[in-house]
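The values are calculated or read from the model by the stated rules, or taken from the named source; none is laboratory data. Only a predicted model underlies this, so the values are computations on that prediction, with no experimental measurement involved. Neighbour counts run over all protein chains shown; Cβ positions are idealised from the backbone, glycine included. Side chains are part of the model used for accessible areas, which takes the heavy atoms of the whole protein and leaves out ligands, DNA and RNA. Shrake-Rupley method; radii C 1.70, N 1.55, O 1.52, S 1.80 Å.
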Amino acid sequence: MANNSYSGVKNSIVEANHDGDFGCTLKDLRSLMELRGPEAISKVGETYGDTQGLCSRLKSSPIDGLSGQLADIEKRKTVFGQNFIPPKKPKTFLQLVWEALQDVTLIILEVAAIVSLGLSFYKPPDAKRDNCGRAAGGIEDENEAEAGWIEGVAILLSVICVVLVTAFNDWSKEKQFRGLQSRIEQEQKFTVVRGGQVIQIPVAEIVVGDIAQIKYGDLLPADGVLIQGNDLKIDESSLTGESDHVKKTQEKDPMLLSGTHVMEGSGKMVVTAVGVNSQTGIIFTLLGANEDDEEDEEEKKKEKEEKKKQRKIKKQDAAVESRKKAKSQDGAAMEMQPLNSDEGADADEKKKSNQSKKEKSVLQGKLTKLAVQIGKAGLVMSAITVIILVVLFVVDTFWIQNLPWDKDCTPIYIQFFVKFFIIGVTVLVVAVPEGLPLAVTISLAYSVKKMMKDNNLVRHLDACETMGNATAICSDKTGTLTMNRMTVVQAYIAEKFYKKVPEPENIPPSLLDILILGIAVNCAYTTKIMPPEKEGGLPRQVGNKTECALLGFSNDLKRDYQAIRNEIPEEKLHKVYTFNSTRKSMSTVLKLADGSFRMFSKGASEILLKKCYKVQLANGEAKIFRPRDRDDMIKKVIEPMASEGLRTICLAFRDFPVSEGEPDWENENDILSGLTCLCVVGIEDPVRPEVPDAIRKCQRAGITVRMVTGDNISTARAIATKCGILLPGDDFICIEGKEFNRRIRNAKGEIEQERIDKIWPKLRVLARSSPTDKHTLVKGIIDSTVLEKRQVVAVTGDGTNDGPALKKADVGFAMGIAGTDVAKEASDIILTDDNFSSIVKAVMWGRNVYDSISKFLQFQLTVNVVAVIVAFTGACITQDSPLKAVQMLWVNLIMDTFASLALATEPPTEALLLRKPYGRNKPLISRTMMKNILGQGVFQLVIIFSLLFAGEKIFDIDSGRNAPLHAPPSEHYTIVFNTFVMMQLFNEINARKIHGERNVFDGIFNNLIFCSIVFGTFIIQIVIVQWGGKPFSCVALSIDQWLWCTFLGFGSLLWGQVISTIPTSRLKFLKSAGHGTQKEEIPDEELEELDDMEEIDHAERELRRGQILWFRGLNRIQTQIRVVNAFRSSISLYEGLEKPESRSSIHNFMTHPEFRIEDSEPHIPLIDDTDAEDDAPTKRNSSSPRNASPTPPSPTPSNTAAPTPPVSPSPNQNNNAVESSNHLVPEGPKSGTPSAPGSPLHSLETSL
């Protein structure tokens, strides 16, 4: 990177001046790490001599590492800093309270209450009240008039109560997230050498001077200099934006940077910078600089609606999650976040995101739409209520009683109008279901917490609910379906086929020596067999399990591989070709004493045998191995092994004599040919005992399980049959990756969706597949339109190259034990036990979330309908709402907050797996639920209206209707209110079942939260009625009256049984509600317009296009002004250019530096864009439905054979640098990231 790139940063980090007696200071190391390639090498040469010199200055040994003494480690932490980037502070409870107060309906209520309070203190002069009309009523006794203020105060108090409950929920949710994060954090470990021992330590414990072992799939946790490497290739796109893998060698480019991914090979590095001093940390500090100014702006731009706020806080959790994540990967990881935010770690994430933000969280979309519809209906109802009340009052007073408007009476009239207004607002409060987002969040947060116990570590909340809709699971074989405990059980050595491991005596010693030497040096040195943890247990396998099987094989042959490794340490290996998905083999070259070279290779048998031209015999000779012999061997040895489900590995070697001189090691094809086959082993990886049952459950639940594996087809078929993926007699296909590719590509080699559509519905096993095949398959299934339902695909993966497929899938599962850091980053859920049966648990929890929300909806809508109708008709007929404002708020509190807690925490049952997945377009409210809602609504209305209009006769009490303005509460209305609440309580029990089940008490005691909430509500209700008095407009009731109220409430349980007797199919008039947005409903142009609104919020859709263009123009101007100002004053360059999230994630900032102010789709920035932006993090997928971009760019960042359609931006956003303009405020959808000599900052300067 250019030297000037971080010139401004130096001051922002506190320099540690005391260099402790180390031979170099923090400043030296930081300036060293800013260099790349040749510059870096010359700098190391000038200052330290070589890497050895650097190690000795840092008081570390390349072989033994640090001493590991506490004092030394602590000292290094003080001098060079800790490997930790401080996260952003969480919101305080008060901030959350303030946010909850921003809700419009609550603000209206507060204003109304304050006006009502003020007026209640006003005493009209002694003008006769009678002149002010009948409704003003005679003066009641003195204290009653005094008590007019109580209602206002009571409303204010209940508002405070609602706000506190909301804020507390948000706060506890945030706390749970932090807990989750710290758990993810503790899991991240890294291998270092200390005191000559290879140990794993938490990433935060890494210090400068540590010798770290790096291998394929690692995410580097700190900056360092390479001291020994084998075929090391690094993906630095997260820092430089270059998608090509960078080859790292000591001679050419030894600089390793934190936050980059090891894509191939292995090696050792000496750590030179950690935490805020590492490259990633520096950029973090840059981004953090203008956090504070942003904070103030954000305060001003808070959400307008409860819904939005709820959603936002949920998203922030994810941002918090991601920030913590960054810290957890200790500095390295800044770029973890992008997976949580919608700016992907790679362009492919971006593309994916553009395709389906709108489809991502299906539930959230449906709920938003439903809530908006209900809210609108409520608004209309409340407006009508107010208008009718005012008109009736005016007509009655000035027309019928024919009174003049007396200015002394004005305050009294105003008091009436305020009272009407309060009634209207209360109707609105009850109608708006602000409990919906709360219910979703509670349900998801509860599930996430519980899923931990089921070995599912959920990284993105919405993955939980998406999993419930899954229709297909593409699973790896090794480790997920099988135990990943590999052992060699059969071998073919010296032309003899052993059905079990041979005795060492049976193998000629010369052959045995070569074999054991080959196994010892040609397995990664990080792989070892350790003694068992418990006496008599199985030995522990550390590292790559296939290699463990081979090392175990050498132990079975009574030879010690460790002795050979001690003799030939890793530094002495001449050249290593590490395993990767294209080679499918691994080779190690040794330089022998006489100057000749010997290469050992191991790999998939059918691939390696093609490169063998001899086979070793028992007498030490090698005989020619012809293609005919090879076919023979495949039939007689490999196929029998594979048909028993064994993985076959071929071990071979090749000698390069001195006479030929040193071969050209870079020419891999020549090197890896002319091998001599030593032996072929069959490795068994037993199927996990619980898997066949789990797969049966999936099939019963309507989920197709497909196996995608790198093994050969016979092995794959055998394992698939054992697992139950293939059932005898079924018409399914198993094909190899090559054949799959041949069938899905046209003559030009382009992938065609129609061709994939012919294959995938029947495909069950894809063998010998590359990660690209896996990605193609997942993408093909997701984009397919063959079935009327869009498929929801879950994928498991553990390797670095599974990243694209994991991101493309609707839900990506990474392996917690075998998975690489890269795979975990790309995933949504981490399986902490690598077990397929945990996926089935995730499906169960996902379906449970969906059902919990439906239960809550069924309950809430019943209350909504009844309360609104009662308030409305009551107001119209008796000019006063039978349910007072404070009572309505209490009902609102039970039905919204408490009910969402009670119903959203129902534990899942196995019965959930007996139905098919709901699919994306299934309405939230099924016809059965609609039947229950209407049925219960009718029952409750009949009871309430009977009590309202005939209650005084039934109970023989005074009528409460037509009471004057400050009349005392009446028994009559208290009974109405009490009965209403009792009916809700019993109906809450009804709501536990949504599929028309008879037994609503089934499993009720498994949910303690539910029982305690119902019981608690009952107790509070007693207190309110008996002692609530004036504020609650209640009078204490007698025992008889209580029994009647409870009995009428209990009636709703009995009535529920009656309703469930009526078959839904008979009720043709019932409609379902709460569908997801159908694409057809929105014209295409609007879709494109709306593409970039973070959430296609149905409320926002109302923004007309003219407005949108106007906003867009304004926003451009603002941005230009901001850029100019940024350069005038010396504010951080980025002020206002990045989104709030990107400040916390270096990666977002790097992958597509935000100077492309617009994403790859036209953006509609609302002026206060922060609202929209804050919604980002959990929705990994941004908007734009599939049909809006007919040619989705091929989403793999590199090495995909798929040609990218010319229309779309280049598949890796970062390459745009090459092909595109240098405008800072780009005009079109595709703006480049001009990356000049290296650093992102530089690129901004040049572009300007």
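Here are a few things to note about the model shown:
- 3J(HN,Hα) along the range 236-241: 9, 4, 5, 9, 9, x Hz, from the Karplus curve 6.51 cos²θ - 1.76 cosθ + 1.60 with θ = phi - 60°, whole Hz, x for Gly and Pro.
- q = 0.09, 0.14, 0.18 Å⁻¹: log10 I(q)/I(0) that the Debye formula gives for the range 366-516, counting C-alpha atoms only: -0.66, -0.90, -1.11
- Solvent-accessible area of the range 531-589 (1.4 angstrom probe, protein heavy atoms only): carbon and sulfur portion equals 53 percent.
- Accessible area of TRP760 in the full protein assembly, 1.4 Å probe (Å², nearest 10): 10
- Spin-label pair ARG540-LYS89: with each label point 7 Å from Cα along the Cα-Cβ axis, the two points sit 4.2 nm from one another.
- Percent accessible area from carbon and sulfur atoms, the range 244-289, protein chains only, probe 1.4 Å: 56
- The length gained by stretching the chain between ASN555 and ASN402 to full extension, at 0.36 nm per residue less their Cα-Cα distance, is 44.2 nm.
- Accessible area per residue was computed with a 1.4 Å probe on protein heavy atoms; TYR48 scores about 20 Å².
- Surface per residue (accessible, 1.4 Å probe) for the range 567-683, Å²: 45
- ASP731-HIS995 FRET efficiency (beta carbon distance; Förster radius 35 Å; 0.05 resolution): 0.60
- Probe 1.4 Å, accessible area per residue of the range 192-282, Å²: 24
- Sorting THR704, THR878 on solvent-accessible area from highest to lowest, probe radius 1.4 Å, gives THR704, THR878.
- Heavy atoms of TRP149: accessible area, 1.4 Å probe, square angstrom to 10: 100
- Probe 1.4 Å, protein heavy atoms only - accessible area per residue of the range 955-1064 in square angstrom: 46
- Counting charges near ALA747 (Lys, Arg +1; Asp, Glu -1) among other residues having Cβ under 15 Å from its Cβ returns a value of +2.
- Sorting HIS261, HIS972 on solvent-accessible area from highest to lowest, probe radius 1.4 Å, gives HIS261, HIS972.
- Estimated FRET transfer efficiency (ARG755, ASP664; beta-carbon r; R0 35 Å; 0.05): 0.30
- The accessible surface of the range 396-527, taken with every protein chain in place and a 1.4 Å probe, is 62 percent carbon and sulfur.
- Taking every alpha-carbon pair in the range 589-678 and binning the separations at 5 Å intervals from zero gives 3, 13, 22, 22, 19, 11, 6, 4, 1, 0 percent.
- Here the range 899-991 was treated as a single set of alpha-carbon atoms; its pair distances binned every 10 Å from 0 give 12, 30, 26, 17, 10, 5 percent.
- Largest to smallest accessible area among SER585, SER1038, SER659 [probe 1.4 Å]: SER659, SER1038, SER585
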